[in-house]
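Derivation of every value follows stated rules applied to the coordinates shown; laboratory data play no part. Please read these numbers as outputs of a predicted model, since none were measured by experiment. Neighbour counts are summed over all protein chains in view; Cβ atoms, including those assigned to glycine, are modelled from backbone coordinates with ideal geometry.
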Amino acid sequence: MILSAQPAASSGLPAGLAPVNAALQAGEADHALSLLSALPAADAGTAQAHNLRCRVFFTLEEWEQAVNECQQAVRLDGQSSENHMWLARALGERADHVSFMSAYGIAKNARQEFEQAVQLNPHNGAALADLGEFYSSAPGIVGGGMDKAEGVAAQLDHVDQARAHELRARIAEGNKDFATAEREFRQAIKASAQPAFQWMTLASFLRRRQRWSDMEAAVQTGYGLAQRDRHATVALYNGASVLIRAKRNLNPEMELAAKLLDAYLASPIKTEEAPVFAAHTARARVAVQLGDKTTAQHERDAALALASEYKPARDLKF
């Protein structure tokens, strides 16, 4: 998934939880968990505290712990669209990392949570986009379906037109109508207030189509736009992810990925949607591909300094 959310606002959080959110956005996972552990029992047991702890575990890719914490948040505040959305996201990731038989029930629960998030707040664009992506990619046995996804796209037309075009593009791609998919991805660029994100989404589509030169050109365009928009820095991480996932390991592409990651890490705005420790880990992987073991070690150390139990960094081999 190409990320487009901005850093989570701390408004509405109790004073004791604001530093936790700040640590989460800065990618300081160990510090965020330490702050949560030090909270008075009355604060640590709130729905908001459990939601934050869920999201920290989510960034660490600790899906079972994330699910457990988000379930607590929903139990304590079942009227929060955000709580249901984050539980659905955690369940979705957990479903992707368990056996097929276990995944069936978990995926159904994820769908139900996404639907509840949208029912509670029909203007939650992120939840609508997630629900639409679920419908467009999940099999019918767990509640997926292109007709359902089309219905969500119609809802998104009134909430976030860029996301509506992206969802229609995914529907078309799922139907193997690649010309329509590309047209919709390009319409999303035109509809967006921050098109750097949509250029990286288009680049991801072009990667799947193995249109390598077009993919790189889209990433370069998104790179230029993100450099001029301090609130679109996550797009830099997204673009690097596209190049890395291409698995071509060509020096020019890896050098561009390195530039994108370095620019994100140097930017003033970070977000949980692109955890800093994950960016350091990705930069270490790129350095390995470029034969720069010194930088790889430095970046891996930087990742583990922020998230000492982050398995992708711990498992990285030089």
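Of note:
- Top positive-direction residue, dipole computed over the stretch 102-204 with Cβ charges, set 202, 128, 187: 202
- Per-residue Karplus couplings for the stretch 290-307, computed as 6.51 cos²θ - 1.76 cosθ + 1.60 with θ equal to phi - 60°, are listed in order as 8, x, 9, 5, 5, 5, 4, 5, 4, 5, 4, 4, 5, 5, 6, 5, 8, 9 Hz, Gly and Pro entered as x.
- Temperature 37 °C, viscosity 0.692 mPa s: under these conditions the Stokes-Einstein estimate for the stretch 195-312, based on its Kirkwood radius over C-alpha pairs, is 234 µm² per second.
- Cα shape, the stretch 29-117, gyration tensor, a/c 1.5 rule: oblate
- Unit charges on C-beta of K, R, D, E only; dipole of the chain, Debye: 760 debye
- Exposure proxy shown here: for 86, 63, 199, 212, the number of other Cβ atoms within 10 Å sets the order, fewest to most, as 212, 63, 86, 199.
- Long pairs among 247/317; 108/311; 247/293; 270/293, criterion Cα-Cα beyond 23 Å: 108/311; 270/293
- Shape category assigned to the stretch 95-200 from the gyration tensor of Cα positions, a/c cut at 1.5: prolate
- Among 200, 215, 101, the largest mean-square fluctuation in a Gaussian network model of the chain, built with springs joining Cα atoms closer than 10 Å, belongs to 101.
- In terms of its alpha-carbon gyration tensor, the chain comes out oblate; a/c meets the 1.5 threshold, while b/c is at least as large as a/b.
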